[in-house]
Amino acid sequence: MGSVLLVIVFFPFIVSAAFTPITFLLAWWVFPGGGSRGPHDTLASRTVGIILVVIAEWLANAWVLYLLPFGRLGSLRGRSKLSPGRVPVVLLPGFFENALTMEILRRRLERALGVPVRAMRPERYFLGLEDQAQGFSRRIAAFLDETGAGQVDLVGHSMGGILARYLAESGELKNRIRRVVTIAAPHLGSALSRLAPGRSLRQMRRGSAFLEKLNAGSAPSGVRIVGISSTHDNLVIPWNCSLSPRGDNFIIRYRGHVTLIFSREVARLIVRELG
């Protein structure tokens, strides 16, 4: 019994310890200059920064694995009342993430913005992105009815960022989306998606028909779209494929792909854009 418990406790750390360094090595192999130097960087500061970003991403990935079995749970309930003229926020998680994965970011945004913030879980990770968007569209519409709001702001991480853009640009929620913030979303695809199965991941490959069509379309009228990217992203490879082709982009450093959703800096940028 004790050995089984130890396996349960340490399994996510072991898997993450194997997975995380491999993804960083692949990222640096595909795009050696990806983690570009700052004007005041030294060899020592870069070495320490890289070590810290790998450790932080290892812990973040382990946490996501711990929460994976709880994927059917919805967002923890927070603020429910919406002041007149305010806009609620919906968080869309990435692949293998769920509402609990986004809970730290949800609490920070809700506290800073003073509006209801709801994290929604994907119904099925491998389902095509168009079908996932339809499911989210129904739940977002229900959330708007629940809060009495006319519009919503969407914040999406990774795959969730692509879904947020698709919802805004495909007319799934026509005139009901005010702003979209994407975090490490593979707008131009990721080389790593070629190593993974599933329709949704195939649609996030570089040059996929889904992304080509999405990026070739016209920008949605009246919707502000902002992208947040990291030069040390280890899953969107190369990292500059996470730069949004719409609106402004904010580029930060020394944050891994998953670590971004736990970053206070990222939360502050979102609050600035949505506040």
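Can you spot a residue in segment 102-120 that is without any contact (Cβ under 8 Å) to a residue 12 or more places away in the chain and either part of a helix (DSSP H, G or I) or within 16 Å of the chain's Cα centre (by Cα) (or both)?
Yes, the conditions are met somewhere in segment 102-120.
What is the residue count in segment 97-132 for residues that are buried (at least 22 other Cβ atoms within 10 Å of the Cβ) and among the small types (Gly, Ala, Ser)?
2
Taking the criterion of being of a type in the set (Ser, Thr, Tyr) and part of a helix (DSSP H, G or I), would at least one residue in segment 216-237 satisfy it?
No, segment 216-237 contains no residue that is of a type in the set (Ser, Thr, Tyr) and part of a helix (DSSP H, G or I).
Have a look at Gly222, Gly217, Gly275, Gly189 and point out the one that is within 24 Å of Ala119 (Cβ to Cβ) and either touching a residue at least 40 places away in the same chain (Cβ under 8 Å) or buried (at least 24 other Cβ atoms within 10 Å of the Cβ) (or both). Reasoning before the result, please.
Values: Gly222 fails: within 24 Å of Ala119 (Cβ to Cβ); Gly217 fails: within 24 Å of Ala119 (Cβ to Cβ); Gly189 fails: within 24 Å of Ala119 (Cβ to Cβ).
After ruling out the rest, the residue left standing is Gly275.
Would it be correct to say that Ala185 is assigned to a loop (DSSP other than H, G, I, E, B) and aliphatic (A, V, I, L, M)?
On the way: assigned to a loop (DSSP other than H, G, I, E, B): yes; aliphatic (A, V, I, L, M): yes.
So Ala185 fits the description; yes.
Would it be correct to say that Ala164 is small (Gly, Ala, Ser) and at pLDDT below 95?
When the stated conditions are applied, Ala164 does not pass them.
Within the group Ile228, Ile237, which residue is closer than 30 Å to Gly85 by Cα and buried (at least 24 other Cβ atoms within 10 Å of the Cβ)?
Of the residues listed, the single one that is closer than 30 Å to Gly85 by Cα and buried (at least 24 other Cβ atoms within 10 Å of the Cβ) is Ile228.
Say whether the condition of being more than 20 Å from Val53 (Cα to Cα), modelled with pLDDT of 95 or more and assigned to a strand (DSSP E or B) is met by at least one residue in segment 193-212.
Within segment 193-212, none of the residues are more than 20 Å from Val53 (Cα to Cα), modelled with pLDDT of 95 or more and assigned to a strand (DSSP E or B).
Is it the case that Leu167 is on the phi < 0 side of the Ramachandran plot, surrounded by 17 or more Cβ atoms within 10 Å (Cβ to Cβ) and outside any loop (DSSP other than H, G, I, E, B)?
Values: on the phi < 0 side of the Ramachandran plot: yes; surrounded by 17 or more Cβ atoms within 10 Å (Cβ to Cβ): yes; outside any loop (DSSP other than H, G, I, E, B): yes.
So Leu167 fits the description; yes.
How many residues, within segment 45-63, are over 19 Å from the mean Cα position of the chain (by Cα) and more than 13 Å from Tyr254 (Cβ to Cβ)?
Taking segment 45-63 as the starting set, the residues that turn out to be over 19 Å from the mean Cα position of the chain (by Cα) are 45-52, 55.
Restricting the remaining residues to those that are more than 13 Å from Tyr254 (Cβ to Cβ) gives none.
Matching residues across segment 45-63 total 0.
Could you list all residues from segment 121-161 that are at pLDDT 95 or above, of a type outside the set (A, V, I, L, M), outside any helix (DSSP H, G or I) and under 14 Å from the mean Cα position of the chain (by Cα)?
Gly156, His157, Ser158
The values are calculated or read from the model by the stated rules, or taken from the named source; none is laboratory data. In this text the structure is predicted, and so the values were computed from the model without any measurement. Every residue, glycine as well, gets a Cβ built from its backbone with ideal geometry; the counts of neighbours run over all protein chains shown.
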